[in-house]
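Colleague: Below: one structure in structure tokens.
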Amino acid sequence: MTNAADWAPKGFEQTLSKRWFVSDGWTYAGYVRDGGYEALRKCLGMQPDEIIDQVKKSNLRGRGGAGFPTGMKWGFVPKESKVPKYLVINADESEPGTYKDRYILSRDPHLLLEGCAIGAKAIGANKIYIYIRGEFGLPYRRIQHAVKEAYEKGIFGDSSMGSGYRIDCVVHRGAGAYICGEETALLESLEGKIGRPRLKPPFPAVKGAFAGPTSVNNVETIACVPLIFSRGVDWFLKQGSPGNGGPKLMCVSGHVERPGIYEIPNGYPANKFLELCGGVWKGRKLKGIQPGGSSTPVLKPQPCKALAPEGAPEHAWPLETDTPLDFDNVKKAGSMFGSAGMMVFDENTCMVRSLLTLANFYAHESCGQCTPCREGTGWVAKILYKLEHGEGTDADIAKLMSATDYMMGMTICVLADSIAMPVKSFFDKYRDEFMDHVRNKKCSFGDYAVEPTPYNFWEDATAERAS
Amino acid sequence: MRVLSKDTVDAIESLKKRYPTTLACTLPALHLAQKQLGFLSEDAEHDVAEVLDVPPARVHEVVTFYTMFHDHKVGRHVVKICRNLACQLRGADKVIAHAEKVLGIKCGETTADGRVTLEHEECLAACGTAPMLWHGMPGDGGSPGNETFVENLTEEKLEKFLRGLS
Ligand SMILES: Cc1cc2nc3c(=O)[nH]c(=O)nc-3n(C[C@H](O)[C@H](O)[C@H](O)COP(=O)(O)O)c2cc1C
Ligand code: SF4
Ligand code: FES
């Protein structure tokens with residue numbers, strides 16, 4: 001049977017995920033019993049500036065992908081506004097490899113709502129929209145239920161916890177489109193339109209939902225906020241690494257013995273993290289990891305100078321895959337921490353085939369309004385298909401590289417970069433494999449299809465009930 | 001109204017107070033309409049546009065953009081199997097092939113008896129419990145959001161699930 005502590009490093013206190021294993025953890029009664037809504041009570045008695053100031057000091061950075069400091073983002077929302085301001089929660093979770101928000105929504109929805117209410121007060125918004133991915137069933141039902149309870153208990157409504165501050169909250173369902181996770185596409189979708197990213201500026205903080213100043217924040221980001229006020233800024237800083245405050249939910253998938261969600265301190269080393277996951281499955285060797293989700297460059301177990309102390313001799317350099325897991329270090333290692341959806345590849349994995357799967361996805365999800373993205377994602381997918389099926393040539397490889405150059409930094413949103421960067425990194429680091437496909441006119445990994453191999457831990461725990 | 005029932009129209013009406021514009025009700029309204037009708041015909045789009053007082057072209061555009069909305073009749077059950085990378089690394093290719101074999105159709109098709117439509121899906125945020133599928137019943141008249149995931153699939157578990165759909 002399950003034990004919550006298996007999902008964190010020894011001795012590290014879980015706070016974001018600890019209530020996931022409590023059977024009534026998702027109810028108002030359970031939340032309040034565990035000390036919930038006391039942070040909100042505190043914040044409702046504070047000035048908005050003080051709240052923002054504390055969040056800035058906590059070094060909380062956005063968990064949705066970009067790692068932007070949350071306090072600073074809130075600070076950009078103008079104090080005075082003639083039109084209503086909004087807090088919009090990005091619960092569209094759809095970056096391949098990432099699945100943490102879904103658990104917060106279904107297992108600890110009141111933690112999110114408490115963070116929402118604090119955020120609304122901080123930016124001076126009276127309305128919160130939670131934009132939830134359309135395909136989510138149980139997470140939607142749970143967050144809906146939690147919102148209803150929060151209204152009944154006076155968390156939401158005309159006077160939040162009797163403070164006189166009005167907070168309304170609406171849960172809005174998407175309808176299936178990856179691009180709606182991009183914050184301005186999400187706002188378009190919220191307004192009832194097709195999800196096409198907007199040209200920036202104006203940024204959402206100035207002109208967001210329904211043309212009002214808006215902060216868009218990820219679910220996990222907002223779920224961290226109550227902790228800052230219940231445990232204190234110092235505690236929050238200690239849970240992380242310099243510049244990266246707080247605990248972090250790591251989603252791990254692919255070829256490890258124990259995939260699942262782990263709660264770690266920001267800055268926890270990736271090699272130790274892989275040990276925590278039981279290591280690479282079947283006793284095989286590690287080929288690489290995408291540390292932050294499908295759009296992040298791949299890291300290979302090879303020496304990395306950027307991670308080594310100044311002047312260290314080459315034999316003492318850590319491996320790329322030893323990187324401390326936080327925004328700054330993963331960047332140094334040559335990738336991005338993104339949304340912490342780590343995918344692990346064992347030595348038997350064909351990297352061309354894996355990249356093809358991702359390329360097909362991005363080609364499918366491009367909204368089509370920028371030519372470099374619409375055409376480029378299609379080209380990349382087509383060339384990788386040829387390579388994987390033994391029809392690729394040297395000229396195709398050159399085309400692949402020039403296609404990615406043409407896609408980077410040229411588009412309205414970063415979806416185009418999100419596949420161009422992995423392509424570049426896969427090719428740089430596993431060049432031999434690509435060339436082998438060309439030389440031998442086939443994929444040497446043979447039949448790729450692995451046996452369906454679930455890891456049943458979550459199901460044995462509460463997943464069927466709470467997935 | 002051409003096809004929407006009074007209940008559905010009332011439910012859509014009650015959405016309006018949640019948003020500053022009626023256009024913003026488009027997605028939730030279409031979810032409600034699809035739950036009643038099973039798919040979104042031109043008549044359904046017309047009715048939704050009328051209740052929301054927005055141009056039918058806006059509604060049509062939305063129906064075609066989002067993958068959860070069906071513009072033609074689909075099976076009583078819709079089963080979507082994730083084919084994205086994390087699931088593939090744990091055996092999704094075989095799961096998909098097995099589903100096609102059990103149902104005797106390819107992804108994108110519906111069984112002759114109208115029971116099941118099978119589709120590919122992209123990552124559904126269940127990569128840690130891969131391989132996995134999504135199951136919904138578009139025209140069941142139930143509440144939008146009553147859909148489920150089935151995770152940790154093996155061929156046996158998948159087959160049992162598919163055969164159990166009535
Ligand atoms: C193509 C694309 C998809 C994205 N998908 C998501 C998503 O599913 N969830 C999310 O929180 N952020 C997503 N983002 C990031 C958002 O645009 C935005 O940065 C984030 O919601 C901000 O919240 P944060 O500051 O709390 O991280 C995506 C960005 C891009 C470019
Ligand atoms: S980069 Fe791609 S997804 Fe983003 S706006 Fe342009 S076409 Fe659309
Ligand atoms: S890749 Fe299948 S659920 Fe994420």
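Colleague: Working only within the range A:380-426, note down all residues that are touching a Pro at 6+ places or on another chain (Cβ under 7 Å) and either within 16 Å of ligand 3 (Cβ to nearest atom) or among the small types (Gly, Ala, Ser) (or both).
Modeller: Listed by number, the residues that qualify are A:Ala416, A:Pro422, A:Ser425.
Colleague: Counting only residues that are surrounded by 23 or more Cβ atoms within 10 Å (Cβ to Cβ) and within 13 Å of chain A (Cβ to nearest Cβ), give me the helices (runs of 4 or more DSSP H) lying completely in the range B:81-166 with at least 3 of them.
Modeller: Ranges flagged: B:85-89, B:92-103.
Colleague: Output the number of the condition that A:Ser418 fails; it satisfies all remaining conditions of (1) farther than 22 Å from A:Leu274 by Cβ; (2) without any contact (Cβ under 8 Å) to a residue 40 or more places away in the chain.
Modeller: Here A:Ser418 meets the rest and fails (2).
Colleague: Considering the range A:136-156 alone, what residues qualify as being facing another protein chain (nearest Cβ under 9 Å) and either open to solvent by 10 Å² or more (accessible area, probe 1.4 Å) or touching a strand residue (DSSP E or B) at 6+ places or on another chain (Cβ under 6 Å) (or both)?
Modeller: The answer is A:Gly137, A:Leu138, A:Tyr140, A:Arg141, A:Gln144.
Colleague: Which is aliphatic (A, V, I, L, M) and either buried (at least 24 other Cβ atoms within 10 Å of the Cβ) or in a helix (DSSP H, G or I) (or both), of A:Val216, A:Val206?
Modeller: A:Val216
Colleague: Tell me whether the range A:387-400 contains one or more residues that are outside any helix (DSSP H, G or I), buried (at least 16 other Cβ atoms within 10 Å of the Cβ) and within 16 Å of ligand 2 (Cβ to nearest atom).
Modeller: no
Colleague: Another question about this same structure. Yes or no: B:Lys73 in a helix (DSSP H, G or I), basic (Lys, Arg) and either open to solvent by 10 Å² or more (accessible area, probe 1.4 Å) or within 15 Å of ligand 3 (Cβ to nearest atom) (or both)?
Modeller: In short, no.
Colleague: Taking the range A:95-128, which residues are open to solvent by less than 10 Å² (accessible area, probe 1.4 Å) and either within 16 Å of ligand 3 (Cβ to nearest atom) or of a type in the set (Asp, Glu) (or both)?
Modeller: A:Pro96, A:Gly97, A:Thr98, A:Tyr99, A:Lys100, A:Asp101, A:Arg102, A:Tyr103, A:Leu105, A:Ser106, A:Asp108, A:Glu114
Colleague: Among all residue pairs at least 6 apart or on different chains, which show Cβ distances below 8 Å where the first residue, located in the range A:339-357, is in the same structural domain as A:Gly181 (by TED's automatic domain parsing) and the second is polar (S, T, N, Q) and not in a strand (DSSP E or B)?
Modeller: Between residues of the range A:339-357 that are in the same structural domain as A:Gly181 (by TED's automatic domain parsing) and residues that are polar (S, T, N, Q) and not in a strand (DSSP E or B), there is no close pair.
The values are calculated or read from the model by the stated rules, or taken from the named source; none is laboratory data. Quick caveat: nothing in here was measured; it's all calculated off a predicted structure. Please note: Cβ atoms are built from the backbone with ideal geometry, for glycine as well, and neighbour counts cover all protein chains shown. Heads up: the accessible areas ignore ligands, DNA and RNA and are worked out on the full protein's heavy atoms, side chains in. Shrake-Rupley method; radii C 1.70, N 1.55, O 1.52, S 1.80 Å.
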